[in-house]
Amino acid sequence: MGAYILRRLLIAIPSLLGISLILFTVLALAPGDPFSELASNPNVPPEVREALRIKFGLNDPVLVRYLHWLIAMARGDWGFSFASRVDVDTLILQRLPSTLLIVGSSQILALLIAVPIGIHAALRPYSLFDQVANTLAFMGFSLPTFFTGILFILVFSLKLDWLPFVYQADVPGTGWAWLWGHIRQAIMPVCVLGFFQAASYTRYVRSAVLDVARLDYVTTARAKGLSDSVVTRRHIARNALIPVVTLVALQMPAVFGGAIVTEQIFRIPGIGSLLIDAMLANDTPVVMAVTFVFACLVVLFNLIADLLYGWLDPRISFG
């Protein structure tokens, strides 16, 4: 397995280099100047503005700037935020826990909903349960997260006054009060992302289970007298979840992208809101770092999907 992982990482390196070059070039050629506020400030002399541009290499050719950025990234220097006046890695580490909490919890919720409902619906095709599950899944997948987020705020925050709609990074209190405060403010964004992903996963799980349930070895297992629960658990669910693993792993970067909208709605201080703020402020180092992190997530979760494939399917070898 070690050789397989090493081989995949060696393949991933040229891909990441190509992605980073394209991202850096697009951001460098995009309109806007990170020092536009200084240019419009009469109290800042022109020579000071020019000295800052030279210091940060903004007057260098794009390829030279990219090579400087790449070497700095390899050394662990992610750059300096023009807007926040702090290091980029510090900004990302400050925002990362909130995003991981929301995204991770939403994915757990989505799987807890989608897997049992998808399996149960597939084992009873065209039943009332199957039709209701398909209808709800279609509705959940069709409604965008910004719509459901606003709907949740109107119902549970403004109408019923059950949950807060503004996320606070520093919740007052200690002990159970502090924990309950975090849980209350995370319920709505987690449900918004989780229900949206659960709708997609449910349809995919149902389709995969339907395909596996018709195979000959499932019929043979039932002919041997195995109970329905044993056949479902050992022969249907295990094999049907193999393609689902790919969907979940490859959807994770997209979930991080979808969290950008959710974080804006609920004012969550996460990676998504950091990216939006950086784009509005023309803070190129922050935008580059966050988008490159998303690219690394795509490669990472592709590798995780392959490893889970081998764990679920004994016929796959890592040699």
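The values are calculated or read from the model by the stated rules, or taken from the named source; none is laboratory data. As the structure is a prediction and not an experimental result, all values here were calculated from the model. Every residue, glycine among them, receives a Cβ derived from its backbone with ideal geometry; neighbour counts consider all protein chains shown. Side chains are part of the model used for accessible areas, which takes the heavy atoms of the whole protein and leaves out ligands, DNA and RNA. Shrake-Rupley method; radii C 1.70, N 1.55, O 1.52, S 1.80 Å.
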**Prompt:** Taking into account only those residues within the range 263-295 that are of a type in the set (Gly, Ala, Ser) and open to solvent by less than 40 Å² (accessible area, probe 1.4 Å), which is nearest to Ser84 (Cα to Cα)?
**Reply:** Ala278
**Request:** Would you confirm whether any residue within the range 169-179 is among the acidic types (Asp, Glu) and over 25 Å from the mean Cα position of the chain (by Cα)?
**Result:** no
**Request:** Mind listing whichever residues of the range 149-180 are part of a loop (DSSP other than H, G, I, E, B), at pLDDT 80 or above and on the phi < 0 side of the Ramachandran plot?
**Result:** Leu160, Trp162, Leu163, Pro164
**Asked** Just to be sure, is Gly181 under 20 Å from Gly258 (Cα atoms), open to solvent by less than 40 Å² (accessible area, probe 1.4 Å), out of contact with any Leu (no Cβ under 7 Å at 6 or more places or on another chain) and not basic (Lys, Arg)?
**Response** no
**Asked** Is it true that some residue in the range 125-133 is closer than 27 Å to Ile260 by Cβ, open to solvent by 40 Å² or more (accessible area, probe 1.4 Å) and not basic (Lys, Arg)?
**Response** no
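For every residue, the table says whether it meets (1) under 17 Å from Gly272 (Cα atoms); (2) touching a strand residue (DSSP E or B) at 6+ places or on another chain (Cβ under 9 Å).
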| position | (1), (2) |
| --- | --- |
| Phe56 | no, yes |
| Asp60 | no, no |
| Gly76 | no, no |
| Thr90 | yes, no |
| Leu96 | yes, no |
| Thr99 | yes, no |
**Asked** Taking helices (runs of 4 or more DSSP H) that fall entirely within the range 1-79, which contain at least 3 residues that are within 29 Å of the chain's Cα centre (by Cα) and modelled with pLDDT of 80 or more?
**Response** 2-29, 62-74
**Complete:** Within the range 192-219, residues being open to solvent by less than 30 Å² (accessible area, probe 1.4 Å) and of a type outside the set (S, T, N, Q) number 13
**Item:** Leading residue by the ranking (modelled with the highest pLDDT) among those in the range 116-148 that are of a type outside the set (Phe, Trp, Tyr), under 19 Å from Ala213 (Cβ atoms) and not in a helix (DSSP H, G or I)
**Value:** Ser127
**Prompt:** Using beta carbons and a limit of 9 Å, which pairs, at least six apart or on different chains, have the first residue in the range 2-23 and loosely packed, with under 13 Cβ neighbours inside 10 Å and the second one at pLDDT below 75 and not aliphatic (A, V, I, L, M)?
**Reply:** Gly2/Phe318; Ala3/Phe318; Ala3/Gly319
